[in-house]
1. With springs only between Cα atoms under 10 Å apart, run a GNM on the chain and tell me which of N16, N30, N50 wobbles the most.
2. Which order do D75, D96 take by accessible area at a 1.4 Å probe, largest first?
3. In nm, give the distance between the simple-model label positions of N84 and T46, each being 7 Å from the Cα along the Cα-to-Cβ direction.
4. Report the gain in length on full extension from R62 to D75: 0.36 nm times residue separation, minus Cα-Cα distance, nm rounded to one decimal.
5. List the relative contact order of the chain as a percent without decimals, with contacts defined as Cα pairs under 8 Å and 6+ residues apart.
6. How large is the helix-only mean residue ellipticity at 222 nm for the chain, computed as the sum of -39500 (n - 2.57) over DSSP H runs with n ≥ 4, divided by its residue count, in deg cm²/dmol to the nearest 500?
7. So which trypsin sites (Lys or Arg not before Pro) in the range 41-104 are both in a DSSP loop and have at most 12 other Cβ atoms within 10 Å of their Cβ?
8. With all protein chains present, how much of the accessible area of the chain (probe radius 1.4 Å) comes from carbon and sulfur, to the nearest whole percent?
Amino acid sequence: MSSIIGFIRRILTGLNPPVSVPTPESGPLNFGILGAATIAPIAIVTPAKNHEETIIYAVAARDKAKATAFAKKYDIEKAYGGPNGYQELIDDPEIDAIYNPVRV
C-alpha cells in the first residue's frame, strides 16, 4: 500500500513541482538551447518556468525559421539559425549555460 502512495506522490510532485525562490543577490541563469528539438520543451523549457532563477534566453537551429517559430511558441527572447547559428548561440556573452537536446 505504501508503494502506491509513494508512486502517486511522485506523480503529483512531477506534475506540480515545488516553486523555488532565488536569493536577492543572485541574478537569473540564462540558458541557450542548441536545437529546436521536440524533447527540449519537456526537458528544459517547462521545468525552467517553475524556477524564477532560470531563463530560457535563446535557441538555435539549422533553419532560422524553425528557431524563430520555436522561440515565439515558448516566449524565448533570441533565435539563431543558418550555417553559423549554433556558433552564434555559443558565442553569445549573455548565455550562462547551454542545453544540448540529444536523444540517446
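1. Answer for the Gaussian network model of the chain: N16.
2. Values: D75 130, D96 90 Å².
Descending accessible area places them as D75, D96.
3. 3.6 nm
4. Working: separation 13, 0.36 × 13 = 4.68 nm, distance 1.93 nm.
Stretched out fully, the R62 to D75 stretch lengthens by 2.8 nm.
5. Details: 159 pairs, mean separation 31.0, N = 104.
Once divided by the residue count of the chain, the mean separation gives 30 percent.
6. Numbers: 4 runs with 35 residues, N = 104.
Per the formula, -9500 deg cm²/dmol.
7. Loop-located and lightly packed - R103.
8. Working: 4260 of 7090 Å².
About 60 percent, which is the carbon plus sulfur part of the accessible surface.
The values are calculated or read from the model by the stated rules, or taken from the named source; none is laboratory data. Model, not experiment: these values are computed from the prediction. We place every Cβ from the backbone using ideal geometry, glycine too, and count neighbours over all the protein chains shown. These area figures cover heavy atoms from the full protein model, side chains too; ligands, DNA and RNA do not enter into them. Shrake-Rupley method; radii C 1.70, N 1.55, O 1.52, S 1.80 Å.
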